[in-house]
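To keep things clear, I will list the structure first and then write my remarks on it.
The values are calculated or read from the model by the stated rules, or taken from the named source; none is laboratory data. Since the model is a prediction, treat every value here as computed from it, not as a measurement. Note: ideal-geometry Cβ built from the backbone for every residue, glycine included; neighbour counts use all protein chains shown. We work out accessible area using only protein heavy atoms, side chains counted, and drop any ligands, DNA or RNA first. Shrake-Rupley method; radii C 1.70, N 1.55, O 1.52, S 1.80 Å.
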Amino acid sequence: MIIINNETAFTVEDTLFVFALDSEAGKVFDHTYKITTGIGKVNAAIELTKAILKNKPKLIVNLGSAGGIGFHKGGIICCTQFIQRDMDARGLGFKKFETPLSNIPIILENGLKMDNLPEGICGSGDSFEMNHINTEYNVIDMEAYPLALIARRENIPFLCLKYISDDAGSNAADDWSVQVHLASEAFKKILFKDFI
């Protein structure tokens, strides 16, 4: 069972685990229904949509590495709010991060809260952020926003856990390349604690 909180749990068999890269999943998730999407928002959206059409899960769990501001490297953060950090149509009179004419709020709220984990606001974009200056989000990745949006539109419960690999600063690339391989074991301790 994947135990989210005192009221909510799902079987592993009913859960779709979504990673950007195989290195984030390691061997830990080989016994599950999982997909790897590749890097970026478009790839994530395509692969999740295909997986939902093939076999609609009862829970979507996005797991992956991310930069984090104000969190410890190696920590796991539960993201329940999402921003499309590279959406910028201010030149047309829209607000920062607002998707024009979409009726989608700037901060997309979707995601189950997992007991005993700190929460974060995830900014997703098609760039590897190494000079974090935005205060609107404190977790930085490249895939979660479209996954959260698709899960919401398809009315499928969504859990997003991010392993903090770096601080989105000047050493982010070096930190990420070392830390990404540790993510799967950290997720295992939280999601499969009944099996270890």
Worksheet entry | Test result for residue 11, farther than 17 Å from residue 152 by Cβ and surrounded by 16 or more Cβ atoms within 10 Å (Cβ to Cβ) | no
Worksheet, complete the sentence: Output for Cβ contacts, cut-off 7 Å, separation at least six or different chains, first residue on the phi > 0 side of the Ramachandran plot in the range 36-62, second at pLDDT below 95 and not aliphatic (A, V, I, L, M), reads 40/126
Worksheet item: Which pairs have Cβ atoms under 9 Å, sit 6 or more apart or on different chains, and link a residue in the range 105-117 that is under 11 Å from residue 4 (Cβ atoms) to one that is outside any loop (DSSP other than H, G, I, E, B) and aromatic (Phe, Trp, Tyr)?
Response: 111/82; 111/158; 112/158
Practice prompt. Check off (1) among the β-branched types (Val, Ile, Thr); (2) open to solvent by 30 Å² or more (accessible area, probe 1.4 Å); (3) part of a strand (DSSP E or B) for residue 140 and give me the number that stays unchecked.
Written response: (2)
Fill in: Selection count, the range 22-60, where residues are open to solvent by less than 40 Å² (accessible area, probe 1.4 Å) and assigned to a loop (DSSP other than H, G, I, E, B)
8
Worksheet item: Hey, does the range 170-182 have a residue that's in a loop (DSSP other than H, G, I, E, B), modelled with pLDDT under 95 and open to solvent by 10 Å² or more (accessible area, probe 1.4 Å)?
Response: yes
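On the basis of being under 16 Å from residue 164 (Cβ atoms) and open to solvent by 20 Å² or more (accessible area, probe 1.4 Å), does residue 91 make the cut?
no
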Worksheet item: Got a number for residues in the range 63-87 being assigned to a strand (DSSP E or B), touching a residue at least 60 places away in the same chain (Cβ under 8 Å) and under 23 Å from residue 115 (Cβ atoms)?
Response: 11
